[in-house]
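Only one structure is covered here, and it is reproduced in the block below.
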Number of protein chains: 2
Amino acid sequence: MQNIFTKLSSDPGCNARTGYIDLPHGRVQTPVFMPVGTNATVKAVSKDSLETIGFTIILANTYHLFLRPGHELIRQAGGLHGFTGWKGNFLTDSGGFQVFSLAPFRKVHDNGVKFQSHIDGSKHELSPELAVDVQMAFGSDVFMQLDVCTEFGATEKQSLKALELTTAWAKRSKDRWENTRDGFDGKLFGIVQGNFYRDLRKRSAAEISELDLPGIAIGGLSVGESFPVFEEYLAFTASLLPTDKPRYVMGIGTPDYMLAAVEHGVDMFDCVYPTRTARNGLLFTADGPIAIKHAKHASDFSAVDAECPCAVCKQYTRAYLRHLYKCDEILFSMLASYHNLAFLHALMHGIRNSIEAGRFLEYKRSFLSRYQGKKEGDTV
Amino acid sequence: MQNIFTKLSSDPGCNARTGYIDLPHGRVQTPVFMPVGTNATVKAVSKDSLETIGFTIILANTYHLFLRPGHELIRQAGGLHGFTGWKGNFLTDSGGFQVFSLAPFRKVHDNGVKFQSHIDGSKHELSPELAVDVQMAFGSDVFMQLDVCTEFGATEKQSLKALELTTAWAKRSKDRWENTRDGFDGKLFGIVQGNFYRDLRKRSAAEISELDLPGIAIGGLSVGESFPVFEEYLAFTASLLPTDKPRYVMGIGTPDYMLAAVEHGVDMFDCVYPTRTARNGLLFTADGPIAIKHAKHASDFSAVDAECPCAVCKQYTRAYLRHLYKCDEILFSMLASYHNLAFLHALMHGIRNSIEAGRFLEYKRSFLSRYQGKKEGDTV
């Protein structure tokens, strides 16, 4: 398999590494945080703003777009790039995770999963092959195999069954991709499952690695377990993966989780957290998140984060943002989402620099001690 | 009184004219459409986007900002300019119109109006002097006297009473402004009332003109009357006003009303119409407005308006906008509002050019025949 990942540097104190991934719509510096654009738009942020912040890859959700507007329409539009105008890379998930978390009904069988739409109750079926077809219609730069995720607390037997299906579906996904790719240049990633059983993680990692796909995701984490358990299984699973492929942990976006993932050698993450919390009034700062609704911000004419170089912090005050929030103004969601994404983008930049300087653990300690230490007690 | 209006050209076929108004935050070409930013933001459109489109003046609503966040906070922030970062001009209304249309309770007396907040039911009072003080705290470039507006169907006696109060309050507003202005360079506009009684309109126009304020608004129109009645009283009232001051008609923003106003010599208008209808899915095109939700746009990969040079029409398709609308995505409101404002801005540009070329009536006829003639039957 063609190698898409190039390692640039490793931190001597841990498994953190920098590098880049070459994808059809450009090079992506890693470690990278990827904003989520569920319905083919990052909520309240234009593609131009994403480009201004510096993002080179964003997500879209196959489950949502498969149901609405449908992959045939997106294919007609010239894929997600033609449909949305975004010139960077798209990563799409397989739809499996949302089938499990959003659909009011679903049934897994050997050939795929039957489910009902959460929008209108209509019935659908997704197979490993269809998940590939749909994502190829999207023109995704990175696309994921359909997998079976288990919850925290699943039995070993349930977890084994999910793992076996996931491996079988990975093979079927690879076959479908190789037999139909034609000019399509997107990269299929496999997914390691195994719940919180070391033997199963080991087996899944070996089986997925064996397929020699362009990249590998660590699935089945952040599904209800505590942070120490998350970190233990993240570190363990990452250590089992080949070093010459990008490693992706799906669905994490808080600084502590991302820093832990980077420490253990993960290159890619995504999460709705920065944009969802933004819309709810939580804004990131180096001293921890602030809840903009609090009265103490009413006449605070300073920036959200005085050290943040983003366009929002350069132009707007906490007082104005609080006013917009209190008035339910759309501009609040626009500015807050922009800032939170820019903050995480800057964090990834700081992380990469610290790894290159061989001081990642010091950077992590120092960032978290400020971010978590000086809590204002703000919650939303 | 210092003259702020310079006439550049008149159309030989009607009373349409072009010119410019010099205001503290820059020159404004007329005729001009002014977007409305009720809560100190145009809904779903950033100040940077407004500047990109080319707007040089926007509105904010005194009633809303007086109640939340309050004029003292805005004064502390450096006025509306410091609070919002908008570098162009602000026009603020006096709050009177919203007191009449939004407050659940109000009582007019000789010294002003008592009312309850529509937000929390709290009790407030607005006098002509306080309306001036509040707008001076805002640092408004153009600010309006407190007036008393009557509805279509008001009796002559009611209309006379409202007119007399409006004139008395205009004088008191002027006194307050002249006695407290200090370094403040904003311009007070008076308002002509008189309902749909020619004698009253005549008397009000004479009394307000007599005060020699920097500009004059024609109030009490678009309050429930038919279009022919609107146009008749607009034309009649405008003909009574001095030619060397800007004339402003409040609350109109549909192309047909604006074109009628321009024809009769009006220079300024404002309305929430383009942004409100945008959020509801109605998009302006040269061939009339379209309701983006209609199924016929689902796989239409052309621009909203192929002739529109705005950033939205250059970058996005009807199919993508419809998808965003169906998904309730904030980006839809952002793009739709931007387009509708850019469309009206371009219309004003076309209007000014046609007046300079002495062909306004031809332009109006041609624009309306396309805009109104080829209705797609779209409604929202």
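Taken together, the values in this text are just the output of simple stated rules run on the coordinates, not laboratory data. A quick note: this is a predicted structure, and the numbers were derived from the prediction, not measured. Ideal geometry is used to build each Cβ from the backbone, glycine not excepted, and the neighbour counts take in all protein chains shown.
A label point on A:Glu307, set 7 Å along the Cα-to-Cβ line, lies at 5.5 nm from each of its counterparts in the other copies, closest listed first. Only aspartates and glutamates eight or more places from B:Lys171 in sequence, or on another chain, were considered; those with a Cα closer than 18 Å are B:Asp93, B:Asp110, B:Glu129, B:Asp133, B:Asp147, B:Glu207, B:Glu210, B:Asp212. Around the Cα centre of the stretch A:91-179, unit charges on the Cβ atoms of Lys, Arg, Asp and Glu (plus for the first two, minus for the last two) sum to a dipole of about 260 debye.
Both radii come from the Cα set of the stretch A:280-373: Rg as radius of gyration, Rh as Kirkwood radius; their ratio Rg/Rh reads 1.03. Put simply, the convex hull of the Cα atoms in the protein assembly as shown casts, on average, a shadow of 34.1 nm².
Residues considered: A:Arg172, A:Arg198, A:Arg17. Largest GNM mean-square fluctuation over chain A, using C-alpha springs under 10 Å, is found at A:Arg198.
Legend: P(r) of chain A from all alpha carbon pair distances, 20 Å bins from 0, whole percents, reading 29, 59, 12, 0.
In terms of its C-alpha gyration tensor, the stretch A:114-248 comes out oblate, because a/c is 1.5 or above while a/b does not outweigh b/c. DSSP finds beta bridges in chain A, and of those with both partners inside it, around 45 percent are antiparallel. For the protein assembly as shown, the cysteines with no partner cysteine C-beta closer than 4.7 Å are A:Cys14, A:Cys149, A:Cys271, A:Cys310, A:Cys327, B:Cys14, B:Cys149, B:Cys271, B:Cys310, B:Cys327. Express in nm, to one decimal, how much length is gained between B:Leu8 and B:Thr180 on full extension, taking 0.36 nm for each residue of separation and deducting their alpha carbon distance. Stretched fully, the B:Leu8-B:Thr180 segment lengthens by 58.6 nm.
Ranking B:Asn61, A:Pro246, B:Ser159 by how far each Cα lies toward the positive end of the dipole of the protein assembly as shown (charges on Cβ) leaves B:Ser159 at the top. For B:Phe90, neighbours were defined as the other residues whose beta-carbon sits under 14 Å from its Cβ, and their charges (Lys and Arg +1, Asp and Glu -1) total -1. Set the bar at 20 Å for Cα to Cα. Now go through A:Lys157/A:Lys202; A:Lys47/A:Lys87; A:Lys87/B:Lys43 and name every pair that lies beyond it. In this structure, A:Lys87/B:Lys43 lie more than 20 Å apart at Cα. Other residues lying with their Cβ under 11 Å from the Cβ of B:Arg352 contribute a combined charge of -2, Lys and Arg counting +1, Asp and Glu -1. The stretch B:204-240 and the stretch A:187-247 have Cα centres spaced 73 Å apart. Just to be sure I understand: with springs between alpha-carbon atoms less than 10 Å apart, which residue in A:Glu207, A:Glu178, A:Glu51 has the highest mean-square fluctuation in the Gaussian network model of chain A? Per the Cα network of chain A with a 10 Å cutoff, A:Glu178 tops the list.
Let me spell out the model: positive unit charges on the Cβ of Lys and Arg, negative unit charges on the Cβ of Asp and Glu, origin at the Cα centre of the stretch A:280-373. What dipole size does that give, in debye rounded to 20? Walk me through the numbers on the way to the answer.
Details: 11 positive and 8 negative charges, 32 e Å.
Dipole size: approximately 160 debye.
Think of the stretch A:185-322 as a dipole: +1 on every Lys or Arg Cβ, -1 on every Asp or Glu Cβ, centred on the Cα centre; then among A:Leu213, A:Gly224, A:Ser299, A:Ser299 lies furthest on the positive end. Each part gets one Cα centre, and for the stretch A:139-181 versus the stretch B:103-120 those centres are 64 Å apart.
This model, with +1 at the C-beta of Lys and Arg and -1 at the C-beta of Asp and Glu, gives the stretch B:5-271 a dipole about its Cα centre of some 340 debye. Considering all alpha-carbon pairs of the stretch A:172-240, what whole percent are spaced by more than 14 angstrom? Across the stretch A:172-240, Cα pairs with separations above 14 Å total 60 percent. Summarising the strand pairing of the protein assembly as shown, around 45 percent of its internal DSSP beta bridges are antiparallel. The mean number of partner chain beta-carbon atoms within 10 angstrom of a residue's beta-carbon across peptide A:39-49 is 5.
Simple rule: put +1 on each Lys or Arg Cβ and -1 on each Asp or Glu Cβ in the stretch A:280-373, find the dipole, and look at A:Cys310, A:Ala336, A:Leu283; the Cα lying farthest toward the positive end is A:Leu283. Within the listed set B:Thr52, B:Thr167, B:Thr62, the Gaussian network model of chain B (springs between alpha-carbon atoms below 10 Å) gives the highest mean-square fluctuation for B:Thr52.
B:Lys326: which aspartates and glutamates have alpha carbons under 19 Å from its alpha carbon, excluding same-chain residues fewer than 8 sequence positions away? The qualifying aspartates and glutamates are A:Glu72, A:Asp120, B:Asp300, B:Asp378.
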